[in-house]
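Report on the following structure.
No value in this document is a laboratory result; all are computed from the given coordinates. This one's a predicted model, so the numbers in the text were calculated from it and none came from an experiment. Cβ: placed from backbone, ideal geometry, glycine included. Neighbour counts: every protein chain shown.
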Amino acid sequence: MDTGIYGKALLIREVERKLLELFEQGRLSGTVHTCIGQEFSGIAVASALREGDLIFSNHRCHGHFLARTDDVEGLIAEIMGKRSGVCGGRGGSQHLCSRGFFSNGVQGGIVPVAAGLAFALKLRKTSDIAVVFIGDGTLGEGVLYETLNIASQWELPLLLVLENNLYSQSTPQRQTLAGDILARAAAFAVATGQGNTWEPSALLAAAAAAVQRVRTSSRPLLLKIDTYRLMAHSKGDDDRAPEEVKKHWQRDPLSRFVLEHAQAAAGLQAAATRRVTAAVAQAESAGDSVGKQGDADAAGPRRCVWAASGDRAEGRIAELLHSSFQRNMRRDERIILIGEDIEAPYGGAFKVTKDLSLEFPGRVRNAPLSEAALVGLGTGLAMQGFFPVVEIMFGDFLALAADQLINHAVKFHYMYNGQVRVPLIVRTPMGGRRGYGPTHSQSLEKHFLGLPGSRVLALHRRQDPGAVYDALFKGIDRPTLVIENKLLYGARLTKEVPKGFLLEHSDDPFPTARLRPQGRAELTLLCYGGMLPEAEAAAERLFEEHDVLCEILCPLQLYPFNIGPVLESVRRTGRLLVVEEGLGFAAFGAEVIAQVAACEPQSLKAVARLAAAAHPIPACAALEKTVLPGSAHIVEKARSMLHES
Amino acid sequence: MKAESRSVRIPRETVNDDSVKLIRWLVQGGEQVEAGQLVAEIETSKAVLELTAPVSGYLRQRAEVGAEVAVGGVICHITRGPADPLPEEELPVRPAENRAPGEPRFSRKALALIEKEGLDLKRFSGRGLVCEADVLELLGTTPGSPLQPHRAALKKGSVRTQALAQTKIAEADFLSCGGNNSLSSLVSVVCRARGFGQEGRLAAVIFETARLLKKYPVFNSYYHDGNVNYYKAVNVGFVVQTDKPLKVPIIRDADTKDLLGVTREVQDLLLSYHNDELQTQSLVDGTFTITDLSGEGVFFFSPLINYGQAAVLGVGAETALSPQGAGIFQLILTFDHRLSEGRTAAAFLRDLRERLESYAP
């Protein structure tokens, strides 16, 4: 018999026991999800892997981590919140990262990210594979099925290991699971394998066969491992029948090994105890992860240098986007476009990717309608050094991918302590005035503003969109959401500067555009994206008809946001009107006004905002007009501000 | 037979485009077409499309290749006869409105007030956007106070009008017959540099010029309708332009100020210009203008006389005759030949040179 795997299993169990003990002593922050009883699944899979393979695990990841890395010291220090932890104490129990091993604490979302890792390995023509650990509870998550479908269709070398421990936290499987587990995979033409943790040797063989099959076929496979968790899901949440748990303790292979091979076990156990005790002592003596974390994305107001805007690119904005993708893809083969209906002949709903799939076969991929999985795939690709661009056909559908952005892509860089970067671009059209109705006309960006580690850009008519993407492909360092107002695609850049105004751009990497009247401005008009033409029309009318000069500011980058240009302008004008097309509650305008009020309340004589009426967007064009703010609303609001102050 | 025609309009092909681009005509203007025949290629944001003739007849183009034609707009007509009159319709392609740079733009209220007060629009040259408040400011009133015609007051109190001699008028008529499109002339002298530095030299030039204008009042005047109008005040403006629009800030009563005062005022005005804080007060009622292009590396140029003035002084960049030699620069005077002549202008420049060269190096 192979005592090696028992030694590893005893070590994992000893770590988990020690963590429970430290928890009870109040020496850990947060909670832990132990894998006592499930140790052999991680050991079996890890034993079949080779150096270049990648693993994405879940909340119950300690065993997988130790089986793969053997880094007891790094794990214990991490969970104790020490600087010497694998993520410097930032990730903790559920968020580990070390040399090709990752874990995250939200169910399901890690699956498409792992598929993205697999996609990267395949594009790089290695025969390495990616592994993702899920539980039977994850079978309730829709994104799993999105990913099974794509992984099968795109033939991704992805091994899905399903640890079937019969409970979702405290809820038994009979209450949550319909149908058959393996039949789910079969429905997507995904091969399956099986094993259980009570027969370690057979499990090792099954895992080896599964890994080998994924590697040689370059196709996904679902390996179901039946197992049983001997301790609570986390802490104090075990409502299972004591007899049932007791029965499984008796069946537990590690308990049997200790009984049947007492002498060998005692030696292994002593070695494990010694190592874990030393690891705890080492962690204790290491420094706590302390220090002010501050605001990851704000450097305070930055004073800009302004320069007159130069010549602007010719052509429709959709064409400018297209040619930027084309020239950048020619230059850098790490750029991969993924989206719905983006391949030739259709070329995307707004024709931005027209014929690119012909010039770059395999790098422009039509995907099924699976927004969450697409963003997850992009995240995985980006983690492996690609520059994926995920097109979400309508911004409204971005809600389907919210978990991918909020809980995955934007978090990784920080919570893995800077060990990964996610240079992912998600681009999507937002905005109304096309009569598309309640679910294809919204401006939902406010829901994605303020995520630490992210960037949000909103294209507009006075900024060459091709240059924006050129800059992104040159220096992207973080997940970046690009909002493309849908009226832009058919439009051209506005060339003419209204008579009497100066057009300038700030020296930010993603500049703010400023339209400054030659005269004494009495109002700062802040807008972004599709609102700019409305704001410009309003500024012209305010001057011509009402003798009011306003200065327009149109930032390209909404987050992280530099309030500097706004402060600078408000100091001159004393009045600030923020206009946005989306809903106003807790939105961009609210944030900007709050920042100005917090920084320089004395500069503000009057302040107001305009946003969409708190109402779904009606399809009827006449009704839609009453819901979305336009130049007439701006003129009216500006006049009332000047009248009152 | 009654002439009939059929207009061919741009169809809405995509919801994203409000206009299409005309790529090329497949039928030349005036040619005969059959119903269903391809007549033109247009480009939407999504595709290139072909337009067909809806009826048979003669094709009459209404747009040029490369033009943007609005969706719903007419691209051509098809008429029964080759020369049937075309329906009255707006041309689909509207050329962009072009206004000369530097020309101000007026709000409705500002324009109404300017008309009411009979002000000359040229008084607002280089002013960008002009609101009612700016006009009131120029008129010397602030909103709420009764209007006082500022220009008239200036003329009455601060100008001395004198009829020109008949010989001078005849001379001007004679000169204007020589194919000259204007009646200005230009002279220049070379002056030794005294190491002022650019701003210091400008202040010295303003200071000395202001004094000399008392000696040569003809250059501190303006011509109008056979009369020379002498300004009583000496308000010297200087041209400033960086990447921002050109402005001419004014040093009022420059002849009464000392060199230090002029120097400080020049610095203050330059700072205000850079900060976009120049007030209307600082930009109006100039009686003489100096333009210094030495910062642009220009040695010689022909400056233009400003509205309501008789002369403009140009200052060129320093150069050296030999590597060890002292620096020199040019002083240039453009003047209204109806009021003066080259000899007086040369005398003015020589006096100015003498004064500038008297500064210790």
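Taking a cut-off of 16 Å between Cα atoms, list the lysines near A:Lys8, but don't count ones fewer than 8 places away on the same chain.
The reachable lysines, counting only those whose Cα sits under 16 Å from A:Lys8, are A:Lys18.
Normalising by the residue count of chain A, find the relative contact order in percent from Cα pairs under 8 Å and 6+ residues apart.
Normalised by residue count, the contact order of chain A is 12 percent.
Which entries in the list A:Lys495/B:Lys21; A:Lys122/A:Lys486; A:Lys499/A:Lys625; B:Lys116/B:Lys244; A:Lys224/A:Lys411 go over 23 Å, if you measure between the two C-alpha atoms of each?
Long pairs (Cα-Cα over 23 Å): A:Lys122/A:Lys486; A:Lys499/A:Lys625; B:Lys116/B:Lys244; A:Lys224/A:Lys411.
Please compute the contact order of the stretch A:3-285 in relative form: average sequence separation of alpha-carbon pairs under 8 Å and at least six residues apart, divided by the residue count, as a percent.
Rounded, it is 23 percent for the stretch A:3-285.
What angle do you read, to the nearest 10 degrees and between 0 and 90, between the alpha-carbon axis of helix B:198-215 and the longest principal axis of chain B?
Taking the Cα atoms of chain B, the angle to B:198-215 is about 70 degrees.
For A:Val290 and A:Ala266 in the same chain, what is the full-extension length gain: residue separation times 0.36 nm, less their Cα-Cα distance, in nm?
4.7 nm
Between the stretch B:27-48 and the stretch A:226-253, what is the C-alpha centre distance in whole Å?
78 Å
How much net charge surrounds A:Pro368 when only other residues with a Cβ under 11 Å from its Cβ are counted (Lys, Arg +1; Asp, Glu -1)?
Overall, the nearby charge balance is -3.
For the stretch B:159-357, what's the relative contact order in percent, using C-alpha pairs closer than 8 Å and at least 6 residues apart?
In percent, rounded to a whole number, it is 30.
Just to verify a number: FRET efficiency for A:Asp70 and A:Thr216, C-beta to C-beta distance, R0 = 25 Å, to 0.05?
0.40
Within 14 Å, Cβ to Cβ, of A:Leu623, how many net charges do the neighbouring residues add up to if Lys/Arg are +1 and Asp/Glu are -1?
+2
Given the options A:Gly395, B:Val298, A:Phe23, identify the residue whose Cα lies farthest towards the positive end of the charge dipole of the protein assembly as shown (+1 on Cβ of Lys, Arg; -1 on Cβ of Asp, Glu).
Final value for the positive-end residue is B:Val298.
Return, ordered by residue number, the residues of the stretch B:283-306 whose backbone nitrogen is under 20 Å from a label point located 7 Å along Cα→Cβ of B:Ser125.
B:283-294, B:301-306
Roughly what percent of Cα-Cα pairs across the stretch B:5-79 reach past 18 Å?
30 percent
Based on the Cβ-Cβ distance of B:Val65 and B:Glu13, what FRET efficiency does E = 1/(1 + (r/R0)^6) give at R0 = 25 Å, to the nearest 0.05?
Efficiency for this residue pair is about 0.85.
Along the Cα→Cβ direction, 7 angstrom out, place labels at A:Glu51 and A:His633. What is the inter-label distance in nm?
6.0 nm
Specify which residue in the list B:Ser19, B:Leu111, B:Phe207 is farthest towards the positive end of the charge dipole of chain B, using unit charges on the beta carbon of Lys, Arg (+1) and Asp, Glu (-1), about the Cα centre.
After comparing all options, I get B:Phe207.
Considering every residue in B:103-113, what mean count of other chain Cβ atoms within 10 Å of its Cβ is obtained?
Per residue, the number of nearby Cβ atoms from other chains is 4 on average.
Could you point to the residue in A:Ser255, A:Leu156, B:Leu183 farthest towards the positive end of the protein assembly as shown's charge dipole, with +1 and -1 charges on the Cβ of Lys/Arg and Asp/Glu respectively?
Going by the Cα projections, it comes out as B:Leu183.
Relative to the first principal axis of the alpha-carbon coordinates of chain B, what is the inclination of helix B:166-176, with its axis defined by its Cα atoms, in degrees from 0 to 90 and to the nearest 10?
40 degrees
Over the whole of A:499-511, what's the average partner chain Cβ count within 10 Å per residue? Rounded to a whole number, please.
Shielding by partners across A:499-511 averages 2.
When the distances between all Cα atoms of the stretch A:501-644 are binned every 10 Å from zero, what whole-number percent does each bin get?
12, 45, 35, 8, 0
Hey, what does the equivalent ellipsoid look like for chain A, semi-axes from the Cα gyration tensor as sqrt of 5 times each eigenvalue, largest first, whole Å?
Largest first, chain A gives 53, 27, 21 Å.
Hey, what angle do you get for helix A:200-217 against the long axis of chain A, alpha-carbon based, 0 to 90 degrees rounded to 10?
In chain A, helix A:200-217 runs at an angle near 40 degrees to the longest axis.
With +1 on the Cβ of every Lys and Arg and -1 on the Cβ of every Asp and Glu, and nothing else charged, how large is the dipole of chain A about its Cα centre, in debye rounded to the nearest 20?
Computed charge dipole of chain A: roughly 740 debye.
Return the distance in nm (one decimal) between the two label points of a simple spin-label model at A:Asp239 and A:Lys474, each offset 7 Å from Cα along Cα→Cβ.
Here the modelled spin labels are 5.9 nm apart.
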